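Participant: Got a structure here, written out as structure tokens. Questions coming.
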Amino acid sequence: MNNSVGNTARLIGAGLRALLVLTVICGVLYPLAVTGIAQALFHDKANGSETKDQGGQVVGSSLIGQTYDLPKQNPDDPEEAAKPDLKWFQPRPSNGLGSNSVNTQYALILSGATNKAADNPDLVKLVTDAKEAVIADNSTAGYRVKPEDVPADAVTSSGSGLDPHISPAYAELQVHRVAEKNGLDVQQVEKLVKDNTQGRTLGFMGEPRVNVLALNTALKALAKS
């Protein structure tokens, strides 16, 4: 009996010591080491790839798309449709799985695509309506958007619904409208798009793209200068 109690006590003691040691290693030392390495070598990425304006204020993450809409006339009305603030470059549509009523800067709270077939009537209507809106919103007194010039990313959401990028073609299509709304020369805004266009990853992967948040942050600085 005494041997049995002693063996049990030794096993419990060994288990508690192992728990303590593993807690310190896995729960304290390892997280501190990983966090320290990430902060030292990948400071920007480790902190969420934050984008800051000229005043040093965080305006969002370069990894997550956000909307640029006018304030709602009736904030308490969930049925009121958001209207784009046309002085800013607009992102891709976000027709995903759900809506976010808490943080209105982000269109989705659930990441995902609609998974609707190309001939789905609801999807066809969304794309048709979006194309008409793109043409109407981006046509100015001296510039008319042609239907054939509207790129696919202007009227369809990405697979995640949170894509922070648009194609250079969609950014260039918005140049005349943005220039007019902000009282800028078209050439200034065209240069802004060019300066914020990223090439293919490693020179061959993916497509050229424009980060909308970075572009609008640069636009804000230009409009104030």
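Participant: Residue by residue through the stretch 154-168, which ³J(HN,Hα) values in whole Hz follow from phi under the Karplus form 6.51 cos²θ - 1.76 cosθ + 1.60 (θ = phi - 60°), with glycine and proline marked x?
Facilitator: 7, 10, 10, 7, 7, x, 8, x, 10, 4, x, 10, 10, 6, x
Participant: Let me ask another. Let me see the pair-distance distribution of the stretch 2-44: every alpha carbon pair, 5 Å bin width, integer percents in order.
Facilitator: Result returned by the calculation: 5, 22, 13, 13, 11, 9, 9, 6, 6, 3, 3, 1, 0.
Participant: A further question on this structure: If you stretched the chain out fully between residue 85 and residue 139, how much longer would it get, using 0.36 nm times the residue separation minus the C-alpha to C-alpha distance?
Facilitator: 18.0 nm
Participant: Next up: So what's the Cα pair-distance distribution over the stretch 128-209, bin width 5 Å, in %?
Facilitator: For the stretch 128-209, the binned pair fractions read 3, 14, 22, 23, 21, 12, 5, 1, 0 percent.
Participant: For n ≥ 4 DSSP H runs only, could you compute -39500 (n - 2.57) per run for the chain, divide by its residues and tell me the 222 nm figure to the nearest 500?
Facilitator: Values: 8 runs with 94 residues, N = 225.
Taking each H run of at least 4 residues, the total per residue is -13000 deg cm²/dmol.
Participant: Cut-off 10 angstrom, C-alpha nodes, Gaussian network model of the chain. Which of 24, 134, 145 fluctuates the most?
Facilitator: Judging by the Gaussian network model, the answer is 24.
Participant: Related question: Enumerate the amide H contacts of residue 59 below 5 Å, restricted to partners 5 or more residues apart or on another chain; note that Pro and chain-start residues carry no placed amide H.
Facilitator: Under 5 Å from the amide H of residue 59 lie the amide H atoms of 51, 52, 53, each far enough along the sequence or on another chain.
Participant: Roughly what would the spin-label model give for residue 40 and residue 191, points 7 Å off Cα along C-beta, in nm?
Facilitator: 4.2 nm
Participant: Another question about this same structure. Do any of 191/220; 52/220; 45/72; 87/146; 181/224 go past 23 Å between their Cα atoms, and which?
Facilitator: Too far apart for the 23 Å limit: 45/72.
Participant: Let me ask you something else. At 0.36 nm per residue, and after removing the present C-alpha to C-alpha distance, how many nm does the segment from residue 54 to residue 115 gain when stretched out fully?
Facilitator: Stretched fully, the residue 54-residue 115 segment lengthens by 18.0 nm.
Participant: Let me ask you something else. Taking the alpha-carbon set of the stretch 51-224, what are its Rg and Dmax in Å?
Facilitator: 16.1, 48
Just so you know, all these numbers are worked out from the coordinates, no wet-lab data involved. Everything quoted here is computed from the prediction, not taken from an experiment. When we count neighbours, we look across all protein chains shown, and the Cβ atoms used for this are built from the backbone with ideal geometry, even at glycine.
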